[in-house]
Amino acid sequence: MSQEFESNTPIYMQLAERINRRILRGELHPGEKLPSVRETGVQSNVNPNTVQRTYQILEQSGIAESRRGQGTFVTEDPAILRSMRERLKREEIASFVRVMKDMGYEAREIQHGIQEFLEEENES
């Protein structure tokens with residue numbers, strides 16, 4: 001199952017973000033083993049060296065840990081997982097707000113639009 005990648009961001013960073021999001025969605029659980037480098041490479045249609053770099057990035061950020069002879073696992077540290085969740089939330093909000101401001105909306109209009117949207121979502 002080949003995945004599409006953006007051309008302006010390194011593939012290893014995109015893979016890392018996809019894994020982070022899978023963790024947030026509960027598709028990958030704390031303590032769960034990540035697919036092998038080779039398996040992820042085949043699934044993503046990328047070079048295993050790229051996947052290895054992805055796993056190194058995840059380890060450096062504390063999201064994953066490598067266990068000799070066993071593989072790479074999602075961290076079980078709730079503080080790290082909370083921190084990742086907050087970081088991703090802030091990044092998405094910042095991106096959205098930048099786009100809205102570029103379109104000419106003021107902060108108050110953005111805030112009001114979000115509130116209306118959430119109220120409509122709660123009603124449905």
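Data table
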{"item": "One residue from LYS89, LYS101 being of a type outside the set (Ser, Thr, Tyr) and at pLDDT 95 or above", "result": "LYS101"}
{"item": "Residue in the stretch 59-67 that is closer than 14 Å to ASN20 by Cα and in a strand (DSSP E or B) present", "result": "yes"}
{"item": "The listed residue being more than 18 Å from SER83 (Cα to Cα), of a type in the set (Ser, Thr, Tyr) and in a loop (DSSP other than H, G, I, E, B), out of THR54, THR9", "result": "THR9"}
{"item": "Pairs where the first residue, in the stretch 1-23, is on the phi < 0 side of the Ramachandran plot and the second is of a type outside the set (Val, Ile, Thr) and not in a helix (DSSP H, G or I), C-beta under 6 Å, 6+ apart", "result": "SER2/ASN45; ILE11/PHE5; GLN14/PHE5; ARG22/LEU28"}
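This table checks each residue for (1) outside any helix (DSSP H, G or I); (2) crowded, with 16+ Cβ neighbours inside 10 Å; (3) touching a Phe, Trp or Tyr at 6+ places or on another chain (Cβ under 9 Å); (4) not assigned by TED's automatic domain parsing to the domain that holds ILE114.
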site: HIS29; (1), (2), (3), (4): yes, no, no, yes
site: PRO35; (1), (2), (3), (4): yes, yes, no, yes
site: GLU86; (1), (2), (3), (4): no, no, no, no
site: GLU91; (1), (2), (3), (4): no, no, no, no
site: PHE96; (1), (2), (3), (4): no, no, no, no
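The values are calculated or read from the model by the stated rules, or taken from the named source; none is laboratory data. Please read these numbers as outputs of a predicted model, since none were measured by experiment. Reconstructed Cβ throughout: ideal geometry from the backbone, glycine too, with neighbour counts over all protein chains shown.
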